Amino acid sequence: MGDGAGEIFPWRCAHRRSFDELSALPGVTVETDLHCASGTTSTDHEFFGIAAGTILDLAPPAPEVTHVMAWAEYGYSANLRLADFTSERTVLATHHGGEPLTVEHGFPLCLVVPHLYGYKGPKWLRAIEYMTADRRGFWEERGYHNIADPWTEQRHSYQEE
Ligand SMILES: Nc1nc2c(c(=O)[nH]1)N[C@H]1C(S)=C(S)[C@@H](COP(=O)(O)O)O[C@H]1N2
Ligand SMILES: [Mo]
């Protein structure tokens, strides 16, 4: 994904894109509320960026891919079911409210998955790893719910069946 991703994730980065190359792709605008698993919701955010579906078109996953791991700087990660990543509202955001992301909020790239809790959307996104089986990400390994649906309040791993 970003420049330098190969150094952090040397095992496989078959498709690398610079930030400029990503920015040249067609963009989409997504309006959404944000739900944090700790209980706060903030409303009316407008993100602009590259639809996850555009990434999948550029790098089509093999048929056996079922999940992705979204990797960020500093080793943060979040696992997603492929269907959550392919949601038409999932976006690799470069802009918020018409302005480039601030560093605090994930510059240069933040994954936004509007229908899941915030921890499923890594700020400072660096790579999307295609997986043929599920594997828990950073918070999912530390007691947070593997799916993270805010509508059914899937916050904690003990709620999983
Ligand atoms: N890299 C990274 N991304 C992250 C997090 C994090 O700690 N590191 N926290 C997540 C959580 S729990 C939430 S609610 C949102 C918060 O985003 P904000 O700080 O831009 O409001 O970022 C998400 N993405
Ligand atoms: Mo959060």
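Can you work out the FRET efficiency for the pair Y74 and E31, with r the C-beta to C-beta distance and R0 = 30 Å, to the nearest 0.05?
Working: r = 29 Å, r/R0 = 0.96.
Plugging the Cβ-Cβ distance into 1/(1 + (r/R0)^6) gives 0.55.
With the calculation restricted to Cα positions, what are the radius of gyration and Dmax of the stretch 15-159 in angstrom?
Rg then Dmax for the stretch 15-159, in Å: 14.3, 43.
Subtracting the Cα-Cα distance from 0.36 nm times the residue separation, let me have the gained length for S23 to R89 in nm, one decimal.
Details: separation 66, 0.36 × 66 = 23.76 nm, distance 1.77 nm.
Between S23 and R89, full extension yields an extra 22.0 nm.
For the chain, what is the accessible area per residue in Å², given a 1.4 Å probe and the full set of protein chains? Walk me through the intermediate numbers first.
On the way: 8590 Å² over 161 residues.
For the chain, the per-residue accessible area is 53 Å².
Once you place label points 7 Å from the Cα toward the Cβ at H15 and D134, how far apart are they in nm?
The modelled label-to-label distance comes out at 2.4 nm.
With runs of 4+ DSSP H residues as the only contributors, calculate the mean residue ellipticity of the chain at 222 nm using -39,500 (n - 2.57) per run, divided by the residue total and rounded to the nearest 500. Don't skip to the end; give the middle numbers.
Numbers: 4 runs with 20 residues, N = 161.
When only DSSP H runs of four or more count, the value is -2500 deg cm²/dmol.
Could you please state how large a percent of the accessible area of the chain is carbon and sulfur, counting protein chains only and using a 1.4 Å probe? Provide the component values of the computation, followed by the final result.
Details: 4680 of 8590 Å².
Carbon and sulfur together cover 54 percent of it.
Modelled label-to-label distance, E160 and T41, 7 Å Cα→beta-carbon offset: nm?
Computed distance between label sites E160 and T41 equals 2.5 nm.
Could you list the GluC sites (Glu not before Pro) in the stretch 57-154 that lie in coil according to DSSP, counting only those with at most 11 other Cβ atoms within 10 Å of their Cβ?
When the GluC sites (Glu not before Pro) of the stretch 57-154 are filtered for loop state and at most 11 Cβ neighbours within 10 Å, E64, E88, E104 remain.
The values are calculated or read from the model by the stated rules, or taken from the named source; none is laboratory data. The structure displayed is predicted, hence computed values, not measured ones. A quick note on method: Cβ atoms are made from the backbone with ideal geometry, for glycine too, and the neighbour counts reach across all protein chains shown. Accessible surface is based on the protein model in full, side chains and every heavy atom, while ligands, DNA and RNA are left aside. Shrake-Rupley method; radii C 1.70, N 1.55, O 1.52, S 1.80 Å.
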